[in-house]
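Written below as structure tokens is the structure these notes are about.
Since every read-out is calculated from the coordinates, none of them should be taken as a lab result. Treat the numbers as computed from the prediction; the structure is a model and nothing was measured. As a convention, Cβ positions derive from the backbone with ideal geometry for all residues, glycine included, and neighbour counts pool all protein chains shown.
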There are 2 protein chains.
Amino acid sequence: MITNYSPGLHKLVTLEVQKIEKLIESAKFVDYTESILEKYSLEKVGISIHDFENNSFTIAVCLKESHICIHTWPEFNQLTLDVYLCNYLQDNSQKVKTIVNDYIQFFNASIITDHEIYR
Amino acid sequence: MITNYSPGLHKLVTLEVQKIEKLIESAKFVDYTESILEKYSLEKVGISIHDFENNSFTIAVCLKESHICIHTWPEFNQLTLDVYLCNYLQDNSQKVKTIVNDYIQFFNASIITDHEIYR
């Protein structure tokens, strides 16, 4: 158990997605995220979901461990995704990397940009 | 007007704050953020607010232009703040920098880490 504050890993990726269905179906992203939270024992404390007129969507999932945010751009076959887990009670860095990989599989996406920030 | 997608600026800062009042008063952060959105002509499309038992808080503000997220750590006199504005209709990079500076003044904070990601 980490009892002092230690920086957590924040991954920021921009992804390219060929089939746009998952870029316009916010409910499927929410369902998948619920399964991710269960799989990795993360706790949701709030969520904000917005569908735009062109069916792109923006979702922020507030976690006890920090947040997951997504913005989709079906018109450009792209999305930006943030997964940030702080290390308050344990080192979650590996979870952050694995969760991003899970989302890449979910979207069947290729990586355009990939940044890792320890903060 | 930028009609093609161009990466936007995402600033991620970790700040140190001596007086913890603003790290435990989520309503004041929300009020200040509303004034920021008005000042910079940004449009909120959703918000998630969570106050923890120790009065630290996590807030995600979903914007038409992307998002603002904060996590406060009053027990460590710290917060992490994200300001990310995409460039869909105009170049918002300078706004991102100015908004982060506004928040630094609001919290009377000093910078621990400061990252700028174009994504």
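Tilt of helix B:26-39 relative to the longest C-alpha principal axis of chain B, in degrees (0 to 90, nearest 10)?
20 degrees
Please report, for residue B:32, the nm distances (one decimal) from its label point, 7 Å out from Cα along the beta-carbon direction, to the equivalent points in the remaining copies, shortest first.
Going from nearest to farthest copy, the values are 3.6 nm.
What list of ³J(HN,Hα) couplings, whole Hz, do you get for the range A:102-119 from phi and the Karplus terms 6.51, -1.76, 1.60, once you set θ to phi - 60° and write x for glycine and proline?
These are the phi-based 3J(HN,Hα) values: 4, 5, 4, 5, 4, 8, 6, 9, 10, 8, 8, 9, 8, 10, 10, 10, 9, 9 Hz.
For the range A:15-62 and the range B:84-119, what is the separation of their C-alpha centers, rounded to whole Å?
25 Å
In cubic angstrom, how much convex hull volume per residue do the alpha carbon atoms of the protein assembly as shown span?
Dividing the Cα hull volume of the protein assembly as shown by its residue count gives 109 Å³.
Once amide H atoms are placed 1.01 Å from N in the peptide plane, what residues at a sequence separation of 5 or more from residue A:63, or on another chain, have their amide H within under 5 Å of its amide H?
Excluding prolines and chain starts, which carry no amide H, the hits are A:45, A:68.
Once Lys and Arg get +1 and Asp and Glu get -1 on their Cβ, which of A:81, B:94, B:105 lies farthest toward the positive end of the dipole of the protein assembly as shown?
B:94
Applying the Karplus parametrisation 6.51 cos²θ - 1.76 cosθ + 1.60 with θ = phi - 60° to the phi angles of the range A:75-90, what ³J(HN,Hα) value in whole Hz is obtained for each residue in order, glycine and proline being reported as x?
My calculation for the range A:75-90 gives 5, 10, 6, 9, 8, 10, 10, 10, 10, 10, 10, 6, 10, 4, 9, 7 Hz in order.
Above 25 Å lies some portion of the pair distances; for chain A, what is it as a whole percent of all C-alpha pairs?
19 percent
Could you pull the copy-to-copy label distances for residue B:75, with points set 7 Å along Cα to Cβ, in nm to one decimal and sorted shortest first?
Residue B:75 label point versus its equivalents elsewhere: 4.6 nm.
Along the Cα→Cβ direction, 7 angstrom out, place labels at residue B:53 and residue A:114. What is the inter-label distance in nm?
Here the modelled spin labels are 3.8 nm apart.
Given the -39500 (n - 2.57) contribution per DSSP H run of 4+ residues, what per-residue ellipticity at 222 nm results for chain A, rounded to the nearest 500 deg cm²/dmol?
Value at 222 nm, helices only: -8500 deg cm²/dmol.
Provide the gained length on full extension for the span residue A:31 to residue A:98, in nm with one decimal, where the gain is 0.36 nm per separating residue minus the Cα-Cα distance.
22.3 nm
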